[in-house]
1. Under 25 Å Cα-Cα from residue 799, which lysines qualify once same-chain neighbours fewer than 8 residues away are excluded?
2. Cross-link partners among lysines for residue 80, C-alpha distance below 25 Å, same-chain residues fewer than 8 apart left out?
3. Between residue 422 and residue 587, what FRET efficiency comes out of the Förster formula 1/(1 + (r/R0)^6) with R0 = 45 Å and r the beta carbon distance, rounded to 0.05?
4. Of the peptides 251-262, 341-352, how do they stack up when ordered by the mean number of other Cβ atoms within 10 Å, highest first?
5. At a Förster distance of 22 Å, what's the computed FRET efficiency of residue 784 paired with residue 712, Cβ-Cβ distance as r, to 0.05?
6. How big is the gap, in Å, between the Cα center of the range 377-394 and the Cα center of the range 321-361?
7. Pairs of alpha-carbon atoms within less than 8 angstrom and 6+ residues apart define the contacts here; what relative contact order does the chain have, in percent?
8. Once the Cβ-Cβ distance between residue 114 and residue 324 is put in as r, and R0 is 45 Å, what FRET efficiency do you end up with, to the nearest 0.05?
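The values are calculated or read from the model by the stated rules, or taken from the named source; none is laboratory data. Being a predicted model, the structure only gives us computed values, none of them experimental. When we count neighbours, we look across all protein chains shown, and the Cβ atoms used for this are built from the backbone with ideal geometry, even at glycine. Surface areas here come from the heavy atoms of the whole protein model, side chains and all, with no ligands, DNA or RNA. Shrake-Rupley method; radii C 1.70, N 1.55, O 1.52, S 1.80 Å.
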Amino acid sequence: MAGSWDGSYDPGSQSDDSHHFERLHIEPLYDAFVCPLTKQVMRDPVTLENGQTFEREAIEKWFKECRESGRRLVCPLTQKELKSADLNPSIALRNTIEEWTTRNEAAQLDMARRSFNMNSSEDDVLLSLRFIQRICQKNRSNKHVVRNADLIPMIVDMLKSSSRKVRCKALETLLAVVKEDEDNKAILAEGDTVRTIVKFLSHEQSKEREEAVSLLYELSKSEALCEKIGSINGAILILVGMTSSKSENISTVEKADKTLENLEKCENNVRQMAENGRLQPLLTQILEGPPETKHSMAAYLGDLVLNNDVKVHVAKTVGESLINIMKSGNMQSREAALKALNQISSFDASSKVLIEAGILPPLVRDLFTVGQLPMRLKEVSATILSNVVNSGYDVDSIPIGPDHQTLVSEDNVHNLLHLISNTGPPIECKLLQVLVGLTNSPTTVLNVVAAIKSSGATISLVQFIEVPQKDLRMASIKLLQNLSPHMGQELADALRGTVGQLSSLIRVISENTGISEEQAAAAGLLAELPERDVGLTRQMLDEGAFQLIISRVVKIKQGDIRGTRFVTPFLEGLVRVLARVTFVLSDEPDAVALCREYGLAALFVDLLQTNGIDNVQMVSAAALENLSLESKNLTRLPEMPPPGVCATIFPCFSKQAVITGLCRVHRGTCSLKESFCLLEGQAVHKLVALLDHTNAKVVEAALAALSTLLDDGVDIEQGVSVLCEAEGIKPILDVLLEKQTENLRRRAVWVVERLLRNDDIAYEVSGDQNVSTALVDAFHHADYRTRQIAERALKHVDKIPNFSGIFPNMG
């Protein structure tokens with residue numbers, strides 16, 4: 001008999017501390033129980049032919065080593081040769097050992113139970129936990145013993161210990177207790193134990209997190225516990241976070257991932273995972289699940305808020321499946337699929353994936369076929385169609401009907417227009433947005449324009465400007481803005497002929513609520529209407545539209561309105577609308593009065609310096625051209641005093657009166673405010689500065705405005721002098737040399753010819769071979785009128801003899 005228990009007999013390879021209870025066994029340990037080779041209590045004792053007893057596994061290993069080394073089979077204790085390697089089970093000894101072990105472990109378990117209280121030391125509790133863990137790992141039947149001894153709730157209580165070591169060991173011990181034991185798992189799931197384990201997932205100590213994940217993974221193998229784990233608030237969220245964490249060790253990440261895979265057995269858990277960013281289980285159910293599951297998961301997908309990258313992934317994964325459900329499922333399934341497709345299609349890239357998956361034909365069929373869908377689902381279909389059409393995909397390449405019809409075929413556009421006129425505001429809004437998308441594309445806009453004209457729908461589309469629903473009104477205004485470059489006159493006629501529509505547009509523009517997309521679209525629509533439509537301008541004058549627009553422009557320039565992404569298109573539209581008043585100055589005295597009262601010439605001069613917004617600068621320069629052309633008609637010519645009696649009788653004694661302060665160019669009394677004279681307000685200098693602009697259209701507009709100083713009916717020589725003083729001669733010659741566009745060359749040749757009428761300038765330019773070459777090029781290759789002007793310019797610099805008769809003389 002052994003005198004005392006020695007740690008070398010550890011059957012579980014635990015530390016010496018784990019045998020605290022064995023040292024206090026109630027029955028002594030007999031030498032016969034211990035294997036001479038392993039020095040451990042035997043579990044499967046066998047006897048050799050010489051009567052010596054060993055652990056089966058140990059003696060088999062001894063025999064194997066003898067054979068592999070070529071040695072004789074000998075008894076490891078006596079070293080005497082054995083005739084046979086037969087092993088005889090020592091059943092009686094094994095039963096005795098088992099009975100001894102059972103009695104001692106029962107006593108040791110009782111000691112462990114007594115250590116689970118608040119007064120026990122940390123070491124005692126740890127020793128008890130290690131003992132329970134070891135016996136559960138050694139023999140599965142011990143798990144039943146632990147359960148029957150009511151130790152599981154006591155171990156659970158140790159999870160609340162203030163000692164981190166005790167908490168970690170308790171988690172580790174619980175794993176050993178419940179591993180592959182459904183009954184123990186069921187006991188552990190009672191009460192709030194699982195919630196407590198979940199809380200460890202968010203602890204700072206990585207060891208506690210690791211043990212908690214391992215325990216949850218084991219529990220999740222039980223289908224009955226999957227719903228319990230998933231029902232705990234935050235459990236799935238934390239587990240999903242751990243799977244993507246770069247700070248966790250690989251083992252913890254893998255265990256968290258496997259736990260989530262087990263939890264997928266419950267549909268509610270799959271929904272929670274999707275909500276927390278783990279979408280694949282839900283997508284798999286849509287692809288592979290039974291019809292009822294597909295339906296419920298598709299419906300849930302439609303309720304999720306997805307980021308844009310995820311929408312693309314979802315579209316690629318289940319887009320085709322959802323489209324198939326939409327085409328052939330029952331009404332409930334189709335509704336679920338439509339909801340999901342509505343969610344996915346709200347991003348351009350994912351919409352394009354859906355188009356390639358074949359969504360357009362069934363979508364259009366559902367919309368156009370009477371009775372195919374209830375109205376509430378037609379609205380969803382219209383929304384999806386709006387999303388995919390506005391994605392930027394070339395929908396004209398997708399056949400959706402017989403004879404290779406596409407969405408922009410005349411019949412289909414007519415069907416859209418018919419639906420717009422015969423459904424409620426929500427669907428009308430979405431279908432108008434479809435037309436907005438189709439007219440955004442230069443490849444499809446002309447088809448839509450043709451269909452609208454052939455259907456006579458212009459008036460009905462214009463009438464939507466007055467509806468109270470803001471979304472519907474904005475969609476109609478954006479559509480009309482897209483149509484206006486292609487059917488501006490028809491829209492102008494409709495706005496003039498329909499009561500209230502023009503006023504509604506002006507009202508939208510004048511709203512003092514920042515700057516909205518709707519306001520920018522309304523301004524853009526009015527800007528595209530024919531600028532020389534006197535009737536429309538007259539109506540806008542009557543309704544006070546220009547005064548409201550001036551106020552908005554001034555506020556933007558002063559910085560009172562700023563900081564929105566629509567400020568640039570809004571300002572561009574306003575300036576273009578305002579400029580139309582300068583096209584009717586000769587026909588509308590009220591237009592002249594408006595320009596004078598509100599100082600429009602000065603405003604346009606100021607707008608020339610709106611750097612970065614080319615269209616504003618270009619339109620402002622064009623407006624100044626129109627205003628300046630009227631200056632010669634608006635300038636007040638001086639009244640000469642009547643001659644005296646002597647001067648009447650003796651003309652030789654008369655002396656011509658000298659009047660000072662007259663405009664050099666217009667020969668009368670001028671001002672920027674009253675006669676729109678460009679000599680005032682630094683206008684000439686600002687226009688000259690624009691001649692160096694990178695945008696050819698801005699340069700052309702600025703040059704056109706400056707050319708009014710050299711026009712017939714003004715003092716051209718003085719106009720040339722004004723340009724010299726503003727240092728404008730070289731920039732004008734540079735424009736001629738650069739030849740950016742044909743229009744710009746035509747305008748530059750005209751201006752240069754007028755400048756060369758000045759002998760000093762002609763003399764200077766005659767020595768510049770580049771200018772001569774540019775004029776010769778225009779003389780050879782420009783249009784007929786410009787070639788004539790170029791000929792005259794070349795005569796001024798003596799490059800062509802004055803008797804040249806290549807062209808008839810011009811008056």
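1. 730, 739
2. 39, 61, 64
3. The calculated FRET efficiency here is 0.60.
4. Put in order of decreasing packing, that is 341-352, 251-262.
5. The computed FRET efficiency comes out at 0.65.
6. 10
7. Over the chain, the number comes to 4 percent.
8. 0.10
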